[in-house]
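For reference, the structure discussed in these notes is given below.
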Amino acid sequence: MVRSPFWDDVDPEIANAGDEAVRDAGWSVVDLQLEHLDLVGAAVLGRLIAEATAPPAEVMATLSRPTRALLLAGMLAPARFVPRADRVRAAVRSSLATAFRDVDLIAWPCAPTTAPPLSNPWINIPTGQSPADGPNMRQTAIANLTGIPGISLPVGLHSSAMPMGLQLLAPWGEESRLLDAAEHLERVTDRRHVSLTPPLAR
């Protein structure tokens, strides 16, 4: 597990659900450090925005204001940001390759909180209130940047009745390992949720 920031700066209820799922799966846990994490978000934006075109107006209208601003700003970004983003990607890939020498999978919550309402796409996380896009990207962007396979799995319902998810990440080319692990985790979490469900009144 890479605790900071992927487990530390999330809703405690989501972090606990993810921890319980990993523990119930019976997996040995190793705390990892990945380098250059502070640059991942900027590198993803630098690379993906350079490749994207402005979406149609009807799509743009559905995006949050920060996302719209990023897309519009990306259209004006100088090309020199792209090779810089590629250098970050190479460095993060190297850090991941080193980590995967010691572990089979990496796990952390899919999102730092449950999904906010469309009418107010702000979230509250331990470091403060934030638009949802930035923290959500923090949790998921590394797979997009580096090309490692990942999968999202449900690990229960939040007290707000919204779903919570755990993300598993595997080395390049190890999709079969990822799917086997996901199937195992689904079985153990399904059993746990069934055992916690009170019997129906008759």
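Tabulated values for the structure
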item: Residues located in the stretch 78-111, provided they are assigned to a loop (DSSP other than H, G, I, E, B) and under 27 Å from His184 (Cβ atoms); result: Phe100, Arg101, Asp102, Val103, Asp104, Leu105, Cys110, Ala111
item: Only one of Leu145, Leu157 that is aliphatic (A, V, I, L, M) and without any contact (Cβ under 8 Å) to a residue 12 or more places away in the chain; result: Leu157
item: Residues located in the stretch 163-202, provided they are at pLDDT 65 or above, among the charged types (D, E, K, R) and part of a helix (DSSP H, G or I); result: Glu175, Arg177, Asp180, Glu183, Glu186, Arg187, Asp190, Arg191
item: Subset of the stretch 61-94 (residues that are aliphatic (A, V, I, L, M) and either surrounded by 13 or more Cβ atoms within 10 Å (Cβ to Cβ) or modelled with pLDDT of 80 or more (or both)); result: Ala61, Leu63, Ala69, Leu70, Leu71, Ala77, Val82, Ala85, Val88, Ala90, Ala91, Val92
item: Some residue of the stretch 158-166 being under 27 Å from Arg101 (Cα atoms) and crowded, with 18+ Cβ neighbours inside 10 Å; result: yes
item: Given (1) outside any loop (DSSP other than H, G, I, E, B); (2) among the polar types (S, T, N, Q); (3) modelled with pLDDT under 95, index of the condition Ser160 fails; result: (1)
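The values are calculated or read from the model by the stated rules, or taken from the named source; none is laboratory data. From a predicted model like this one, the values you see are computed outputs, not experimental measurements. In this analysis, Cβ positions are derived from the backbone assuming ideal geometry, glycine residues included, and neighbour counts consider all displayed protein chains.
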